[in-house]
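Reading through the structure tokens given below for one structure.
The values are calculated or read from the model by the stated rules, or taken from the named source; none is laboratory data. Keep in mind that what you see is a predicted model, and the values were worked out from it rather than measured. Glycine gets a Cβ as well: all are built from the backbone with ideal geometry, and neighbour counts include every protein chain shown. Protein only, heavy atoms only, side chains kept; ligands, DNA and RNA dropped before computing areas. Shrake-Rupley method; radii C 1.70, N 1.55, O 1.52, S 1.80 Å.
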Amino acid sequence: MNAKALSQDPHRVGEDREKVLEVAIGREVRAFRKQQNMTVADLAKASGLSIGMLSKIENGNTSPSLNTLQTLSHVLSVPLTAFLRRFEEKRSAVHTKAGHGVEMERDGTRAGHQYNLLGHIGSNSSGVMVEPYLITLSETSDIFPTFQHEGIETIYMLEGAVDYRHGTEVFRLEPGDTLFFDADAPHGPEVLVRLPIRYLSIISYPQAN
């Protein structure tokens with residue numbers, strides 16, 4: 001499979017000053033300026049600040065005075081506190097020890113089908129919700145439900161083998177296999193080929209406004 005170049009670099013090194021106030025303010029000033037389709041020159045003219053000073057502010061290379069922030073908030077029509085929101089924003093991480101995932105009831109769940117939610121982060125700055133599950137199928141069943149929901153789902157097989165349906169196609173999944181798909185199509189395990197079966201299911205979907 002030839003993948004196109006990705007827009008995100010998962011190995012990009014974070015900025016040394018990621019959490020510094022000046023950097024956070026600069027990013028917000030730039031974001032609000034672009035929202036209003038203003039160039040740096042436009043903002044400089046409207047605020048009376050020099051282009052060089054605005055560039056330093058947006059790049060986090062200087063600490064703007066309170067008067068300067070008040071001027072920018074007036075020109076950009078945003079509250080002064082809006083420039084601080086990224087600095088104050090909490091970044092969350094969830095660590096789930098082995099065997100401590102939250103067991104969930106899912107539509108169609110039956111004996112021998114276990115769904116463990118491995119972590120959950122609510123409202124966040126990315127605009128994306130992600131639900132990682134560890135799914136264990138340990139008993140055969142004559143009826144399998146098909147699931148259908150918004151978002152993108154990724155399945156990574158850990159143990160066993162299953163014939164997994166997505167829309168009109170059926171895929172044989174074995175340890176190390178990955179299935180990445182649009183979850184809006186009907187999908188779910190169709191034949192439990194080799195028990196027990198364990199796989200990771202990671203569902204991502206847009207955060208509700």
Next on the checklist: Can you go through 80, 84, 118, 49 and tell me which one is at pLDDT 90 or above and surrounded by 10 or more Cβ atoms within 10 Å (Cβ to Cβ)?
Outcome noted: 49
Item to check | Only one of 139, 131 that is open to solvent by 30 Å² or more (accessible area, probe 1.4 Å), in contact with a strand residue (DSSP E or B) (Cβ under 9 Å, 6 or more places away or on another chain), modelled with pLDDT of 75 or more and more than 24 Å from residue 181 (Cβ to Cβ) | outcome: 139
Checklist entry - If you go through the stretch 145-196 one residue at a time, how many are open to solvent by less than 40 Å² (accessible area, probe 1.4 Å), part of a strand (DSSP E or B), under 26 Å from residue 128 (Cα atoms) and among the aliphatic types (A, V, I, L, M)? => result 3
